[in-house]
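The next block holds one structure in the form of C-alpha cells; read it before the comments.
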Amino acid sequence: MTAESGTGSCEGRVAIVTGAGRGLGRAHALELAAEGAKVVVNDLGVGREGEDASELSPAESVVAEIEAMGGQAVANGADVADWEQSGAMIQQAIDTFGKLDTLVCNAGFLRDRMLAGMSEEEWDLMMRVHLKGHFAPARHAIAYWRDMAKAGETIDARVVNTSSGAGLNGSIGQGNYAAAKAGIALLTIQQAAEWGRYGVKVNAVAPDARTRMTAGIFYAEEAPDGWDDKDPGNVSPLVCWLASDSCDVSGRVFESSGGQLNVCDGWQKGPIESVGERKMSVAEAGDLVQKSIAGAPEPAPVHGAQ
C-alpha cells in the first residue's frame, strides 16, 4: 500500500510520532503514512545515550521518505520532555493539518548501569525523557481534545504509549529504564480511566525489536538474511491499529514482536489470607505471606537474572 491509495486504516487522521527519526518510531511513522495518516515526525536527533548528534536531521529524512511515497508529513525537533516544546509540537500538528487525532509516544534512550553504581543524573535522565516525555505531550494533547469535547464536538482520539519488557518484568543493569517503563505502563491505565469520557482511547505497546537501543546488546548488530522477526516494522501494524478509529480497546498493554502479540496484565491481587477481626502477630504475618504466595501465580523472571 502507498499513502496515495486512499484505503488505509488511518485515512484522514493526523498523527504525531515522537522519536520517529529511527528504529521503531520511524517504522511507525512510515506505517501510519502508508495507512493514510498525515504525520508529524518528531525527533530530537540525539545519539543512543542521549548525546548530541551532528548528522542531518533524522526527522527530515523520514519526512522525505513519506513524501516520496505520496504521503504528507512535517518534521519536528522538539524535546518531548520540555513542557513548552511539547506543547508547541501539539500545536504544530493542529496548525499544519487542522487537527490532531493520534499521539504515539515513542522517544527514549538508554543509560544502562547496575543500580548499585548508578548516578543521580543517570536516574533523573531516564525519568525525564521516558516518563515525563510521555506525560508532557499527552497533557497538551488532552487539553486540546477536552476543550473540543466540552464544546460539543465528537472526539475519537488515540494515544499509544511505549513501555518495554523491562518495564513489565525488570531487566538486570537497566533499573532506571525499567522503572520508567513500568511507570509508563501504569500511566497508560490511568490515562485511559480518566480520558475515556472525552472520547480518547489509550493503550501501550512493549515492543521487541532490533533498534539502536537493543542492537549489540540483546540482539545482533545486523539483521539476518530472509525473515527478520526483530525488524521494527513488525511492531508497527499493532501501533497503527491502536492509532486508528478501528481500535475499540483502552487501558491495555501489548507485547509485540515478529508477527505476534499478547496482552499483558499488571499487578493483580493474590489470595487474601486473614487472622480474622483482630491484629495479626509478627509471626502470623509471615505465615499469611507464605499462604498468599502459595496460592498466587509465579512472577515472571527478571530479564538477565541468574
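A compact table of results
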{"read-out": "Qualifying residue in the range 242-265 (condition: part of a helix (DSSP H, G or I) and surrounded by 16 or more Cβ atoms within 10 Å (Cβ to Cβ))", "value": "yes"}
{"read-out": "Matching residues, the range 6-37, being assigned to a loop (DSSP other than H, G, I, E, B) and either more than 21 Å from residue 82 (Cα to Cα) or charged (D, E, K, R) (or both)", "value": "6, 7, 8, 9, 10, 11, 12, 13, 22, 35, 36, 37"}
{"read-out": "Close pairs from the range 255-272: first more than 23 Å from residue 24 (Cα to Cα), partner of a type in the set (Ser, Thr, Tyr), Cβ under 6 Å, at least 6 apart", "value": "270/292; 271/292"}
{"read-out": "Restricting the range 154-165 to residues that are over 30 Å from residue 299 (Cα atoms) and out of contact with any Phe, Trp or Tyr (no Cβ under 9 Å at 6 or more places or on another chain), the residue that is surrounded by the fewest Cβ atoms within 10 Å (Cβ to Cβ)", "value": "154"}
{"read-out": "Those residues of the range 102-137 which are assigned to a helix (DSSP H, G or I) and buried (at least 23 other Cβ atoms within 10 Å of the Cβ), in sequence order", "value": "126, 129, 130, 133, 134, 136, 137"}
{"read-out": "Residue within the range 224-232 that is closer than 26 Å to residue 156 by Cβ, at pLDDT below 95 and in contact with a strand residue (DSSP E or B) (Cβ under 7 Å, 6 or more places away or on another chain) present", "value": "no"}
{"read-out": "Hits in the range 252-261 - residues which are of a type in the set (S, T, N, Q) and within 16 Å of residue 160 (Cα to Cα)", "value": "256"}
{"read-out": "Enumeration of residues in the range 257-279 that are touching an Asp or Glu at 6+ places or on another chain (Cβ under 9 Å), aliphatic (A, V, I, L, M) and farther than 24 Å from residue 204 by Cα", "value": "275"}
{"read-out": "Residue list for the range 185-209, filter: over 19 Å from residue 245 (Cβ atoms) and surrounded by fewer than 24 Cβ atoms within 10 Å (Cβ to Cβ)", "value": "185, 186, 187, 189, 190, 193, 194, 208"}
{"read-out": "Number of the exception - residue 121 against (1) farther than 27 Å from residue 232 by Cα; (2) among the charged types (D, E, K, R); (3) touching a Gly at 6+ places or on another chain (Cβ under 9 Å)", "value": "(3)"}
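The values are calculated or read from the model by the stated rules, or taken from the named source; none is laboratory data. From a predicted model like this one, the values you see are computed outputs, not experimental measurements. With ideal geometry, Cβ positions are generated from the backbone for all residues, glycine too; neighbour counts draw on all protein chains shown.
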